[in-house]
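Taken together, the values in this text are just the output of simple stated rules run on the coordinates, not laboratory data. These figures come from a predicted structure and were not determined experimentally. Heads up, the Cβs are rebuilt from the backbone with ideal geometry, glycines too, and the neighbour counts pull from every protein chain shown.
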Amino acid sequence: MTEGSSSEPILRIRELRRQITYHEKKYYVDNDPQISDFEFDRLVKELERLEARFPELVTADSPTQRVGEQALDGFLAVEHDTPMLSLDNCFSAEDLREFEKRIKKILPEETIAYVAELKIDGLGISVIYRNGLYTQAVTRGDGVRGDDVTANVKTIRSLPLSVPAGEKLDIRGEVYLPLSRFREVNGKRLEEGEALFANPRNAAAGTIRLLDPGIVASRKLDAFFYTLLAEEKGESSQWDLLQALRELGFKTNPASRLCPTLADVIVFYEEWNERRDSLDYDVDGIVIKVDSAKQRKILGRTAKFPRWAISFKFPARQATTRLNEIRIQVGRTGALTPVALLEPVRLSGITVSRATLHNEDEIRRKDIRIGDFVLIERSGDVIPKIVAPLKERRTGSERLFSFPRECPVCRSNIFRPEGEAVSRCTNPSCPAKLKESILHFTSRRAMDIEGLGEALVDQLLSSGFVRSIPDIYRLRQEDLSQLDRMGEKSAENLLLQIESSKQRDFTRFLFALGIRFIGERTAKALGEHFENLEALRGAAEDELLKIADVGPKVTESILFFMRQEENLALLEQFKQAGVNARTFHRSSDRPLRFSGQTVVVTGKLQHRTRDEIKSLIEEMGGTVTSSVSRKTDFVLAGEDPGSKQAKAKELGVPVLNEKQFEDILEKT
């Protein structure tokens, strides 16, 4: 549907917001992109145009009102001293001239010079130095706060660990995976039967969030840096900043160029559009910045973008080939995704034989048929997409594709929720998603079975000892002794962990089941309302909808889960295995010692895990947040507390050590 094809703009705006929000999560949170950056940018541009035409329809939760990406789970969140803004995009020389016209309106009598830089398709990063020493690295995150990835970024060999400067430096750059390394990493994953990274950026993002710096180091990430923020220093021109970075020992992109006029910028763009395949890293355009610091300061910024910089995207790359077959892949969440098998064709320097088709509706909307000649597009992605079939080349032998009505892996029922484009396998023990389901079930925040990691789960599945999640509770010492690197003591410890997990309360068990849309918060809300699983199974729709954090989607998901025979059989197996899903330890049993208080936890803790402390504080009426503000009641600081403790002292917020916190709990 195009912008002008709907007489109801609000419906199109809602649909665009839904699509953009979905693809933001797939790309930035799940590291599982479903469309090219080029197509995503077009969706955003369409939404921006519609909201500009109908400003009364703009809402606070629109993707256009967001600075950038979401921070990832699993790392300590850190607030940037200076926000890391995203850039507005343009797609033509005419768009670029419009950008200059906007500048000229604010600076009508001035000559504008620019710095043009290649836009590296990587992961934005802020690197902090104090007293000349590397101190911290933080991902861009949502532009306001990101994840502390200090240990992982330190593995980048081109990054200096010390610089000849005494003040605090905040260096901004882009982490990327060289194309040569990307091919090696994906080749190794292919040999080991692991899922391939979709593109180098996806690989870099996945690598930087790994919890093992040793694995990160083996991937050999690299980085280019493009600006620095320094205390007690005046602002410099962008060209001077690049020179200053090089003098400090940072790697800057050698293609960067000072352009006296916009015409010079366009020459730079056209040159690198032709030469980009000669590089050992992905670039998806160029970045144009006003060179003068004085002019940048006058131009300022909007709520989302600086007015003095813009990204000029390269055109998407396309080719024509024949679609030979469509196969269905089942992902870890049970999502059924159609994949096009193509006649191999060279595209952007690689041979392409597969393309994503996204979902059933996409195939029907584009009228894609098996045997069609199709136009495929690759915009920085290794896995391209099909733009359209070439209908004028049809011979009549082409065949319509019939989407399966059951899971192609386990033959269970599939279900497509109303209003969604993705069908999903309903069988929680489907081999295609069983591994990820087990890892979620046994994770710390769920049933907390320590020792059941990815490598061991792989062995249990391949050996046949585990064919469904409840089989974990049937494991015996003699089973485990047959596995590689599983000694007698390790087997005993694992069995003790499994036995102990049977006593986890109803809330954690409910979260562990992996019912769609039920995260920790929703599981807790359900656990506070229902005493046990039987009570939840007997709940009616209207009763569920009255519960906080339980809306129509969650309600539909619960009712659907409880209607599936295979799910009921699974729950019965848990019951027979002795898993205690009946007793819920009500939070009201604990005194509300932290009622209404906001707490920040930072540093390495010795006596309790961060999750345990968060649960304790919440059960006693408090709230745990990731950043320190004047509204924070106290900070709990372990070893190496970092900037949060310093900010707390600056704001006059009390800081407790672990002993003081434990004393409060003991008195309570």
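Evaluated with a Cβ-only charge set (Lys, Arg +1; Asp, Glu -1), region 74-207 carries a dipole of roughly 260 debye about its Cα centre, given to the nearest 20.
Residue-wise HN-Hα couplings along region 656-663, as the Karplus relation 6.51 cos²θ - 1.76 cosθ + 1.60 with θ = phi - 60° gives them from phi, are 9, 8, 4, 5, 4, 5, 5, 4 Hz; Gly and Pro carry x.
The charge dipole of the chain, taken about its Cα centre with unit charges on the Cβ atoms of Lys, Arg (+1), Asp and Glu (-1) only, comes to about 560 debye.
Computed extension gain for LYS575 through THR395, at 0.36 nm per residue and net of the alpha carbon distance, reaches 58.9 nm.
Dipole size of region 317-393 about its Cα centre, with +1 on Lys/Arg Cβ and -1 on Asp/Glu Cβ: approximately 120 debye, rounded to the nearest 20. Annotation: cysteines of the chain without a disulfide-compatible partner (Cβ-Cβ under 4.7 angstrom) are CYS90, CYS259. What is the sum of charges around ILE112, taking Lys and Arg as +1, Asp and Glu as -1, for the other residues whose C-beta is under 10 Å from the C-beta of ILE112? Overall, the nearby charge balance is -2. Among the GluC sites (Glu not before Pro) in region 97-152, those located in a DSSP loop and surrounded by at most 11 other Cβ atoms within 10 Å of their own Cβ are GLU109. Averaging Cα coordinates gives a centre for region 594-668 and one for region 200-215; these two points are 29 Å apart. Treating r as the C-beta distance of LEU211 and THR261 and R0 as 60 Å, the FRET efficiency rounds to 0.80. For ALA137, the amide hydrogen comes within under 5 Å of the amide hydrogens of ILE128, VAL149, THR150, counting only partners 5 or more places away or on other chains and with H modelled in the peptide plane. Projecting label points 7 angstrom from Cα along Cα→Cβ for GLU528 and LEU11 puts them 3.9 nm apart.
For the chain, what is the percent of antiparallel DSSP beta bridges, rounded to the nearest 5?
Of those bridges, close to 85 percent are antiparallel.
Of interest is the spacing of the C-alpha centroids, which for region 269-335 and region 82-98 amounts to 11 Å. Indicate the gyration tensor shape class of region 431-501 (rounded, prolate or oblate), computed on the Cα atoms with a ≥ b ≥ c the square roots of the eigenvalues: a/c under 1.5 is rounded; otherwise a/b larger than b/c is prolate and the rest oblate. Note, shape of region 431-501 comes out oblate. Residues PHE509, PHE314, PHE54, PHE530, arranged from fewest to most other Cβ atoms within 10 angstrom of their Cβ, appear as PHE54, PHE314, PHE530, PHE509. Within region 588-667, DSSP assigns beta bridges of which about 10% are antiparallel (rounded to the nearest 5). Place a point 7 Å from Cα of ARG416 in the direction of its Cβ. Which residues in region 335-370 have their backbone N less than 13 Å from it? Of the residues in region 335-370, 336-338, 358-366 have backbone N under 13 Å from the label point off ARG416. Here the label points at LEU651 and ARG516, each 7 Å from Cα along the C-beta direction, are separated by 3.9 nm in the simple model.
Between the amide H of CYS90 and those of SER311, PHE312, LYS313, distances stay under 5 Å, these residues lying 5 or more places away or on another chain, with hydrogens modeled in the peptide plane. Once the gyration tensor of the Cα atoms in region 588-667 is diagonalised, the equivalent ellipsoid follows with semi-axes of 19, 14, 10 Å, ordered largest first.
State the extension gain, in nm to one decimal, for the chain segment bounded by ALA93 and ARG322, taking 0.36 nm per residue of separation less the distance between their alpha-carbons.
Computed gain between ALA93 and ARG322 is 79.1 nm.
The Cβ shell under 12 Å around ARG322 holds other residues with a net charge of -1, Lys and Arg each +1, Asp and Glu each -1. Label-to-label distance for GLN564 and GLU343 is 4.0 nm, based on points extended 7 Å past Cα in the beta-carbon direction. Computed 3J(HN,Hα) for region 42-55, one whole-Hz value per residue from the Karplus formula 6.51 cos²θ - 1.76 cosθ + 1.60 where θ = phi - 60°, is 5, 4, 5, 4, 4, 5, 4, 5, 5, 5, 5, 6, 10, x, glycine and proline marked x. Take every Cα pair under 8 Å whose residues are at least 6 apart in sequence, average their separation, divide by the length of the chain, and the relative contact order is 9 percent. Based on every Cα atom in region 506-576, Rg and the maximum pairwise Cα distance Dmax equal 11.1, 32 Å.
Both the radius of gyration and Dmax for region 163-322 are 18.6, 61 Å, in that order, over alpha-carbon atoms. Couplings for region 239-253, taken from phi via the Karplus curve 6.51 cos²θ - 1.76 cosθ + 1.60 with θ = phi - 60°, read 5, 5, 4, 4, 5, 4, 4, 4, 5, 7, x, 8, 7, 10, 6 Hz in order; Gly and Pro are left as x. Taking all Cα-Cα distances within region 272-340, those exceeding 17 Å account for 69%.
Within region 619-668, which trypsin sites (Lys or Arg not before Pro) sit in a loop by DSSP and count at most 14 neighbouring Cβ atoms inside 10 Å?
ARG630, LYS631
Here the gap between SER218 and ARG354, fully extended at 0.36 nm per residue and compared with their Cα-Cα distance, gives a gain of 46.1 nm. Along its three principal directions, the equivalent ellipsoid of the chain from the Cα gyration tensor extends over semi-axes of 42, 35, 25 Å, largest first.
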